[in-house]
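The values are calculated or read from the model by the stated rules, or taken from the named source; none is laboratory data. For clarity, every value in this text was computed on a predicted model and none was experimentally measured. Every residue, glycine among them, receives a Cβ derived from its backbone with ideal geometry; neighbour counts consider all protein chains shown. Note: areas computed on protein heavy atoms with side chains; ligands, DNA, RNA excluded. Shrake-Rupley method; radii C 1.70, N 1.55, O 1.52, S 1.80 Å.
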Amino acid sequence: ASDFQALMSFKASSDPSNKLLSQWNSTSSNPCTWHGVSCSLHNNNHHHRRRRCVSGLVLEDLNLTGSILPLTFLTELRILSLKRNRFDGPIPSLSNLTALKLLFLSHNKFSGKFPATVTSLPHLYRLDLSYNNLSGQIPATLNNLTHLLTLRINTNNLRGRIPNINNLSHLQDFNVSGNRLSGKIPDSLSGFPGSAFSNNLFLCGVPLLKCRGGETKAIPALASPLKPPNDTDLHHKSKTHVAAPRMGVMVLVIIVLGDVLVLALVSLILYCYFWRNYSVSLKEVKVETHSKSKAVYKRKVNSEGMVFLEGVRRFELEELLCASAEMLGKGVFGTAYKAVLDDGNVVAVKRLKEVSVGGKRELQQRMEVLGRLRHCNVVPLRAYYFAKDEKLLVSDYMPNGNRGPGRTPLDWTTRLKLAAGVARGIAFIHNSDNKLTHGNIKSTNVLVDVAGKARVSDFGLSSIFAGPTSSRSNGYRAPEASSDGRKQTQLSDVYSFGVLLMEILTGKCPSFEVDGGCATAVELPRWVRSVVREEWTAEVFDLELMRYKDIEEEMVALLQIAMACTATVPDQRPRMSHVSKMIEELSGVHVSQSHDALDSVSESPSAPEDACTGRDGPASASQ
Ligand SMILES: Nc1ncnc2c1ncn2[C@@H]1O[C@H](COP(=O)(O)OP(=O)(O)OP(=O)(O)O)[C@@H](O)[C@H]1O
């Protein structure tokens, strides 16, 4: 009832004319069906009962006005997106919203100080306050938000120094441009591109221009009082005070203007030089990057051909090619890179090897089918580029890579959760409109997203691109499937998934030498069968798992599922939706659909891709 009241009073203040949220009305007391509202079940400790609470509120582009104060009573809120409205005034204290994970308040008219209360929200991983009128300083307590992936506070009126944000190891998307910030950019943020810092009063240091002696203290009035001076600061201060002569503002301005002129001249020369090469319709771009183990790749590209599968142009091809790239690994179809775009977003780019792709029209249709697959256990494919000499696939980058099954020692609950996630992802692919086949299920194609959820990647490619399967894939291949990967079926996927389950249970490679190596020798399903036949079932399991108590029943149940999946005769294998249901029924694995949907990470919380609901979701998969 209190959620209902909070929403009604929010409506009264933000839509006084009752035109924008007219569907929200007091006669329907179930707000969960209202536009923009989503709910999930929560334990009510006092009454030992579960109740439905508002957990998501997505009201974008609606011209809503006023204050958002009533929303601070929605204590179970996990997603709040009010992008592109006309809310104004200070952002109220959000410290009650302790479950909040995604907060998008960009493109409004919020004013007042940076809302320091957001820094006490322990689960926050996306924070976007850009394009408002916030003033004051950026609080150093941002360091509390250790899960933060996105921090966009660009185009506001923030002043002072950027605090030393060195605790946010997951930060991928960062932007403070278009403010009135000054001083040295902290080293921990120097890996972000210059555009993340541009248009400020006076910022210096990597990736912008070098700070000159004493420059970091050049505007003492703007230095952050939140950062206590430490020993090194004091030391530095006294040194600069003695050594550097006091610089007048004029001198400073002349130096900056001089730098800008030289930079402009160099840029002009470089621009002319590169433009000459670029004007040929096919161009070669050589990208060299400055950090770590970055890849140097040379490409021939036609700047027109990038196809964005959602119809939204997220970046330019040039930007992708010029992004700093790091090689992730080589697979059957090509090499995968991690690329960091100018706006800080990170994508995975797969550069396909020489592959035969058939007719253009057919290829487009097939890629579009793959691009439509959106599920919280599937890595979304975002774009592709196919020219004669270069073929690229762009998908979301999974920051936890394939730490999944068969890689690092994982505890039992994690293994079971990953298995359940993979099963759901494959069942979703199988039940999709086109009844697709994954065709390449193996542990390197199980990636773990930032929320720790398993996502399957590389789906549907083997039926499009001809090519031999690698020896690494052999151990997963069903006996009836051909070696070029063309004759994959949903039931051969089930077999491969069974091998993956065995990998999870035994900690062994799908084909291994008896002494424990990974060369082709004994096939995992055959070995498991022989051990079980000899009634040594317990010997099968990974020794790592032996330290967990009371899990034997679950392990045996999962082993039985794995054995059913790897039946030699395809028709004897269960369908993937059934497999998924069986795994979820193993105790403790079941994760409610709504929880899943809200837990996942998405650029925009309104994007449907992470919803685990829908016709092809686990609900139907369990039929
Ligand atoms: N979207 C992604 N996010 C993060 N890491 C990825 C992503 N896609 C691939 N990788 C990493 O790159 C490595 C190479 O991937 P790739 O898919 O090219 O080869 P593979 O999975 O070993 O073989 P195959 O080509 O048969 O799928 C993988 O081991 C994986 O860790």
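Close amide H contacts of Ala383 (hydrogens built in the peptide plane, cut-off under 5 Å, sequence separation of 5 or more or a different chain): Leu309, Val394. Packing around the peptides 536-542, 451-457, taken as the average count of other Cβ atoms within 10 Å per residue, puts them in this order, highest first: 451-457, 536-542. Shape index of the stretch 46-110: Rg/Rh, with Rg the Cα radius of gyration and Rh the Kirkwood radius from the inverse mean 1/r over Cα pairs, equals 1.02. Once C-alpha pairs closer than 8 Å and six or more residues apart are averaged by separation and normalised to the residue number of the stretch 1-158, the relative contact order reads 15 percent. One way to sum up the overall shape of the stretch 22-178 is the equivalent ellipsoid from its Cα gyration tensor, whose semi-axes run 28, 19, 12 Å, largest first.
With the gyration tensor restricted to C-alpha atoms of the stretch 72-162, the semi-axes of the equivalent ellipsoid amount to 18, 16, 11 Å, longest first.
Sorting 17-23, 111-117 by average packing, meaning the other beta carbons within 10 Å per residue, from highest down gives 111-117, 17-23. Return the carbon/sulfur percentage of the accessible area of the stretch 106-207, one whole number, probe 1.4 Å, all protein chains in place. The nonpolar share, carbon plus sulfur, comes to 47 percent.
Keeping every protein chain present and rolling a 1.4 Å probe, give me the accessible area per residue for the stretch 119-181 in Å².
Per-residue value: 32 Å².
Using the Cβ-Cβ distance between Ser135 and Ser2 with R0 set to 35 Å, the FRET efficiency works out to roughly 0.60.
Annotation: peptides 177-186, 327-336, ranked by per-residue average of other Cβ atoms within 10 Å with the highest first, follow the order 177-186, 327-336.
Hey, what's the Cα Rg ratio for the stretch 87-132 versus the globular rule of thumb, 2.2 N^0.38 Å?
The stretch 87-132 yields a ratio of 1.08.
The residues neighbouring Ile68, those whose beta-carbon lies less than 13 Å from its own, together hold a net charge of +2 under the Lys/Arg +1, Asp/Glu -1 convention.
Measuring with a 1.4 Å probe in the full set of protein chains, what accessible area per residue, in whole Å², belongs to the stretch 375-457?
28
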